[in-house]
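Heads up: the structure comes next, in structure tokens.
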Amino acid sequence: MHYENKLDQIDRLNGQIQSFRPLSQDLLKQLKEYFRVGLTYSSNALEGNTLTETETKVVLEDGLTIAGKPLRDHYEASGHSEAFDFVYGLAKKKAITEKDILKIHHLFYYRINQKTAGGYRKVPVVITGTDYVPPSPAKVPALMKKFVAKIPVMRRKLHPVVFAAKLHEELVNIHPFVDGNGRTARLLMNLALLQAGYTVTVIPPVVRADYIALVKRSQTGKKDDTGFVNFISSMVYESTKDYLRLLKKLSIS
């Protein structure tokens, strides 16, 4: 489970992407829809959602229900898609507020539980498969305020990909919501990437075990997040390669 730091390679690929700009509205729309389906499918699948990528596409694009699949799986797909649109809308901004994070969670979760959507948890949570114990519910609001206050400083000091990875890591550590923390963290990470001019980044379900192990490593024992940051940089690298491949293909057609 060794992931290399890919920051230089990402920035080189981003340079190639720049040469295609400005992109037409039609091309931007196609790319957005491609990543909407990919990110919604993968982010939900990491948490046990049973919809396939094709089924996710059908739910999002045709509004159909997949026979034999739980209703909740459909709600997660629709909610994630709506939160993705909101994140896209914030891409032109250069700030991330506490209200933005709560709104991301609310949009993802309100179909599942209107009462707890976009609100901090009032109960302790246990994360299975790890010794890490998230902060008590009483501490969550203050921890979130402190976290959000640090965001502008982190953004100035860190490479955009490292910054995005750290946002993901911190949110998951605070675990502010009853459910949907991982998906909110991945959307927050993507918001930071989009704001800095990077590609929407997908963490495919095939690397789920590595992903969880590296999150765990950053939380317990020596609390080393180098592996996690390198892992995220590898995911950004793969997604950037994918974006460039699509760009070349769609620009020719």
Selection over segment 113-132 where residues are loosely packed, with under 13 Cβ neighbours inside 10 Å and within 10 Å of Phe177 (Cβ to Cβ) yields a count of 0
Check segment 204-223 and report whether any residue there is hydrophobic (A, V, I, L, M, F, W, C) and assigned to a loop (DSSP other than H, G, I, E, B).
no
On the phi < 0 side of the Ramachandran plot and in contact with a Pro (Cβ under 8 Å, 6 or more places away or on another chain) - does that describe any residue in segment 197-205?
yes
Examine segment 133-144 for a residue that is on the phi < 0 side of the Ramachandran plot, exposed (fewer than 13 other Cβ atoms within 10 Å of the Cβ) and in contact (Cβ under 8 Å) with a residue 40 or more places away in the chain, and state whether such a residue exists.
no
Name the pairs whose Cβ atoms lie under 7 Å apart, with the first residue in segment 203-218 and under 16 Å from Met189 (Cβ atoms), the second buried (at least 16 other Cβ atoms within 10 Å of the Cβ) and among the charged types (D, E, K, R), and 6 or more positions between them or separate chains?
Ile203/Arg186; Ser218/Glu169; Ser218/Asp225
Give all pairs with beta carbons closer than 6 Å in which a residue from segment 80-98 that is of a type in the set (Phe, Trp, Tyr) meets a residue that is assigned to a helix (DSSP H, G or I) and modelled with pLDDT of 95 or more; count only pairs at least 6 apart in sequence or on separate chains.
Phe84/Arg36; Phe86/Leu107
Only residues in segment 24-51 that are in contact (Cβ under 8 Å) with a residue 40 or more places away in the chain count as the first member; pair them with residues that are surrounded by fewer than 19 Cβ atoms within 10 Å (Cβ to Cβ) and not in a helix (DSSP H, G or I), Cβ under 7 angstrom, at least 6 apart or cross-chain, and list the lot.
Ser42/Pro204
For Thr220, state whether it is touching a Phe, Trp or Tyr at 6+ places or on another chain (Cβ under 7 Å) and modelled with pLDDT under 95.
yes
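The values are calculated or read from the model by the stated rules, or taken from the named source; none is laboratory data. As the structure is a computational prediction, the values presented were derived from the model and not from experiment. Please note: Cβ atoms are built from the backbone with ideal geometry, for glycine as well, and neighbour counts cover all protein chains shown.
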